[in-house]
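S.K.: Handing you a structure now.
Read the figures in this text as sums done on the coordinates, not as results from a lab. If you're wondering where the values come from, they're calculated on a predicted model, not measured in any experiment. When we count neighbours, we look across all protein chains shown, and the Cβ atoms used for this are built from the backbone with ideal geometry, even at glycine.
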Amino acid sequence: MRQFKRSERIGSQILRDVQRLLEPECSANLKFLVTFTDVEVSEDLRYATIFYSVLGDEKEKKEAARFLAHIRGRVQSDLGEQLRLKNTPTIKFKFDPSIERGVRIEQLLNEISRKNES
């Protein structure tokens, strides 16, 4: 049986908290969907990288990055209250292109399928 590291458990909790706290806030403040996909926490629990995805153009990705940078301090404070750790991890947001790549691959496969049918 696999033993989960403490950093993985805390990362999972941060992801749940961020999804619960920020997805509604992003929906209210941005005109496009922002999805939080993963969190990586350093072994010493001092740093956490929160990955997010935006299905949109470059302008929307930049707008999401600005918005998340603007609220980073408050989000870190909110997470500190939720996690109840001795030290709250310093967070940063990072764009995750994996969903975008998946959508593109699906489009290409659909194109190939349509060409093979004709």
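S.K.: Taking θ = phi - 60°, what integer Hz values does the Karplus form 6.51 cos²θ - 1.76 cosθ + 1.60 yield along segment 23-29, in sequence order, with x for Gly and Pro?
M.R.: 4, x, 5, 5, 4, 6, 9
S.K.: Hand me the trypsin sites (Lys or Arg not before Pro) from segment 11-40 located in a DSSP loop with no more than 16 other Cβ atoms within 10 Å, in residue order please. Present the calculation step by step, with values, prior to reporting the outcome.
M.R.: Numbers: sites: Arg16, Arg20, Lys31; in loops: Lys31.
Taking segment 11-40 and a limit of 16 other Cβ atoms within 10 Å, the loop trypsin sites (Lys or Arg not before Pro) found are Lys31.
S.K.: Considering the zone a paramagnetic label at Gln82 would reach in this model (a point 7 Å from Cα along the Cα-to-Cβ line), which residues of segment 23-46 have amide N under 13 Å from it?
M.R.: Under cut-off, by backbone N: 23-26, 36-39.
S.K.: Now, a different point. Over the chain, what is the mean sequence separation of C-alpha contacts under 8 Å (at least six apart), divided by residue count, expressed as relative contact order in percent?
M.R.: Details: 134 pairs, mean separation 28.5, N = 118.
Result for the chain is 24 percent.
S.K.: Would you order Lys61, Lys115 from fewest to most other beta-carbon atoms within 10 Å of each residue's own beta-carbon?
M.R.: Numbers: Lys61 19, Lys115 8.
Lowest count first: Lys115, Lys61.
S.K.: Let me ask something additional. Given axes a ≥ b ≥ c from the Cα gyration tensor, I'd like to know whether the chain is rounded (a/c under 1.5), prolate (a/b larger than b/c) or oblate.
M.R.: On the way: a/c = 3.03, a/b = 1.63, b/c = 1.85.
Oblate, because a/c is 1.5 or more while a/b does not exceed b/c.
S.K.: If we count other beta carbons within 10 Å of each Cβ, what is the order of Leu55, Leu21, fewest first? Can you show the working numbers first?
M.R.: Details: Leu55 13, Leu21 17.
The fewest-first ordering by Cβ neighbours comes to Leu55, Leu21.
S.K.: Using each residue's phi in segment 68-79, evaluate 6.51 cos²θ - 1.76 cosθ + 1.60 at θ = phi - 60° and report the 3J(HN,Hα) Karplus result to the nearest Hz, with x for Gly and Pro.
M.R.: So the Karplus estimates, Gly and Pro as x, are 5, 5, 5, 9, 3, x, 5, 4, 4, 5, 4, 5 Hz.
S.K.: For segment 30-36, what does the Karplus curve 6.51 cos²θ - 1.76 cosθ + 1.60, with θ = phi - 60°, yield as ³J(HN,Hα) per residue in whole Hz, taken in order and with x for Gly and Pro?
M.R.: For segment 30-36, the Karplus curve yields 10, 8, 8, 8, 10, 10, 9 Hz.
S.K.: Among the chymotrypsin sites (Phe, Trp or Tyr not before Pro) in segment 1-96, which ones are in a DSSP loop with at most 10 other Cβ atoms within 10 Å of the Cβ? Mind listing them? All intermediate terms of the calculation are to be shown ahead of the outcome.
M.R.: Values: sites: Phe4, Phe32, Phe36, Tyr47, Phe51, Tyr52, Phe67, Phe93, Phe95; in loops: Phe4, Phe32.
Here the chymotrypsin sites (Phe, Trp or Tyr not before Pro) that fit, given the DSSP loop and packing criteria, are Phe4.
S.K.: Please order Asp38, Asp44 by the number of other Cβ within 10 Å, starting at the fewest. Could the numbers behind the result be given before it?
M.R.: Details: Asp38 16, Asp44 9.
Taking fewest neighbouring Cβ atoms as first place, the list is Asp44, Asp38.
S.K.: Once both labels are modelled 7 Å past Cα along the beta-carbon direction, what's the Thr37-Arg9 spacing in nm?
M.R.: 2.8 nm
S.K.: Output the pairs from Lys59/Lys92; Lys61/Lys86; Lys5/Lys59; Lys62/Lys86; Lys5/Lys92; Lys5/Lys86 with a Cα-Cα distance over 28 Å in this structure; if there are none, say none. Could the numbers behind the result be given before it?
M.R.: Working: Lys59/Lys92 20 Å; Lys61/Lys86 34 Å; Lys5/Lys59 38 Å; Lys62/Lys86 33 Å; Lys5/Lys92 21 Å; Lys5/Lys86 17 Å.
Over 28 Å Cα-Cα: Lys61/Lys86; Lys5/Lys59; Lys62/Lys86.
S.K.: Obtain the nm distance between the two label points defined at Ile99 and Glu58 by a simple spin-label model: each point lies 7 Å from its Cα along the Cα-to-C-beta direction.
M.R.: 2.2 nm
S.K.: Counting helices only, and only those DSSP H runs with n ≥ 4, report the 222 nm mean residue ellipticity of the chain as the sum of -39,500 (n - 2.57) divided by its residues, in deg cm²/dmol to the nearest 500.
M.R.: Values: 3 runs with 70 residues, N = 118.
Dividing the helical sum by the residues of the chain leaves -21000 deg cm²/dmol.
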